[in-house]
1. Considering only the range 119-129, how many residues are assigned to a loop (DSSP other than H, G, I, E, B) and near the ligand (Cβ under 8 Å from one of its atoms)?
2. Quick check on this structure: which one of LEU168, LEU141, LEU92 is in contact (Cβ under 8 Å) with a residue 60 or more places away in the chain, closer than 22 Å to ALA245 by Cβ and buried (at least 18 other Cβ atoms within 10 Å of the Cβ)?
3. Return the pairs, sorted by first residue and then second, in which the second residue is open to solvent by 60 Å² or more (accessible area, probe 1.4 Å) and among the charged types (D, E, K, R), the first residue lies in the range 330-348 and is closer than 11 Å to LEU388 by Cα and in a helix (DSSP H, G or I), the beta carbons are less than 8 Å apart, and the residues are 6+ apart or on different chains.
4. Collect the residues in the range 232-257 that are in a loop (DSSP other than H, G, I, E, B) and either open to solvent by less than 30 Å² (accessible area, probe 1.4 Å) or of a type in the set (Asp, Glu) (or both), keeping them in residue-number order.
5. I need the full set of residues from the range 103-124 which are surrounded by fewer than 17 Cβ atoms within 10 Å (Cβ to Cβ) and in contact with a Leu (Cβ under 9 Å, 6 or more places away or on another chain), in order please.
6. Select from the range 269-290 the residues that are among the aliphatic types (A, V, I, L, M) and within 8 Å of the ligand (Cβ to nearest atom) and list them in ascending order.
7. Can you name every residue in the range 5-28 that is closer than 29 Å to LEU77 by Cα, buried (at least 17 other Cβ atoms within 10 Å of the Cβ) and either of a type in the set (Ser, Thr, Tyr) or in contact with a Phe, Trp or Tyr (Cβ under 9 Å, 6 or more places away or on another chain) (or both)?
Amino acid sequence: MSTFKAPKGTYDLLPPDSAKFLAVREAIAAPLRNSGYGYIETPGFENVELFARGVGESTDIVTKEMYVFETKGGDRLALRPETTAPVLRAVLEANLHKAGNLPVKVWYSGSQYRYERPQKGRYRHFSQVGAEAIGAEDPALDAELIILADQAYRSLGLSNFRILLNSLGDKECRPVYRAALQDFLRGLDLDEDTLRRAEINPLRVLDDKRESVQKQLGDAPLLRDYLCDACKAYHEEVRELITAAGVSFEDDPKLVRGLDYYTRTTFEFVHDGLGSQSAVGGGGRYDGLSEMIGGPALPSVGWALGVDRTVLALEAEGIELELPSTTSVFAVPLSEEARRVLFAKVTELRRNGVAADFSFGVKGLKSAMKSANRSGARYAVIAGERDLAEGVVQLKDMESGEQVAIGVNEIVAELESKLG
Ligand code: AMP
């Protein structure tokens, strides 16, 4: 072991398990690529103000969880705790929204950083795949994203998850509700911090996980009863479109989310096998965010799915992904001359698209064959001095154990034909 360890709240992705993470990212991305979403990548850090304004000054993310630092040039930056605000910043900066082709549909994949109290499923460095559809107010777009996330999870074989759906209203009806909720909260027995939160962002009190708070919220007014006609109609259409697609969901009138920018459609994917960190993904509409960060009005909707928790969900359901074995052929040289010959064959196989690996370092046959086994290769190619003197190499079928001599000049073609 070295003197150093991974920082608290982080962990390393190591082979072979890391293959699962790649497969999860790929499975989430595939339906997006297939639905008009283009790949976007933004820096891992941004001006801290982008998050303060975009995510919300009173959110836990901004007040407690951001990794903020000052550069030598005096800029105040933050490691990104989420990627919606950065994506919108990038789209506005590049004027993609002016290209006359709204909505701008993009997807991303990357690390997020939050200084949280670590526990299983909650890390300080984690990974999300996200999708954003920017610049259109259309219930079909909200429905599309929910359907695509559902498709992604199902393509991984997951079934033990639920979709929670709510509407947070808009700038017409939410303030009326907010005031009513505040009135209600002021009458409760809450600690000072929570009372302060009730004044700044009362909706977030609904999200308080503490039993002592939750048990007082039974009679809290619900946003559902305050939605204006436009929000009601919008929400109803989202629900109808999802239902028509055969995607089931639960109405959750108390669902709010930790980020301030959400309006109207809000949803969360929860997995029932994950204990307290049960949210595997979430998102919603954020019609006001563009204006909050200095842009024009650009109604938008998006989600972010957590890769780490999706992997935990797979484990909870006992799902083994069918991961293609990475190595098809493993070469085992038993002499100096064989090293040169087989190394050249491995190079040729690789150039022809066959996944091949080689026994590196000086090893005896036994330990080299162990490496061949561990690699998961379908075939091993073994050669020693005597083989080469006869112009052959040994081709071993790692499943049946059968071994045959093949001409040195024929081995690449033979392997290609065997592997199809
Ligand atoms: P959020 O950006 O908070 O809406 O989170 C979206 C998804 O990211 C969640 O549903 C989780 O799957 C994942 N996520 C958020 N925070 C963490 C964390 N600290 N550790 C691991 N995954 C997280």
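The values are calculated or read from the model by the stated rules, or taken from the named source; none is laboratory data. This structure is a prediction, so every number in the text was calculated from the model and none was measured. Here Cβ is always computed from backbone atoms with ideal geometry, including for glycine, and neighbour counts include all displayed protein chains. To get the accessible areas, we keep the full protein, side chains included, count just its heavy atoms, and leave off ligands, DNA and RNA. Shrake-Rupley method; radii C 1.70, N 1.55, O 1.52, S 1.80 Å.
1. Final tally of qualifying residues: 3.
2. Testing whether each residue is in contact (Cβ under 8 Å) with a residue 60 or more places away in the chain, closer than 22 Å to ALA245 by Cβ and buried (at least 18 other Cβ atoms within 10 Å of the Cβ) leaves just LEU141.
3. Here the result reads GLU337/GLU385; ALA338/GLU385, each pair linking the range 330-348 to a residue that is open to solvent by 60 Å² or more (accessible area, probe 1.4 Å) and among the charged types (D, E, K, R).
4. Matches in the range 232-257: VAL247, ASP252, LEU255, VAL256.
5. Selection gives SER111, LYS120.
6. ALA279, VAL280
7. Result: GLY9, single match.
Quick grid of which residues meet (1) of a type in the set (D, E, K, R); (2) within 30 Å of GLY246 (Cβ to Cβ); (3) in a strand (DSSP E or B); (4) open to solvent by 10 Å² or more (accessible area, probe 1.4 Å):
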position	(1), (2), (3), (4)
GLU137	yes, yes, no, yes
ILE146	no, yes, no, no
ASP183	yes, no, no, yes
LEU188	no, no, no, yes
ASP193	yes, no, no, yes
LEU203	no, no, no, yes
LYS209	yes, no, no, yes
LEU217	no, no, no, no
ALA230	no, yes, no, yes
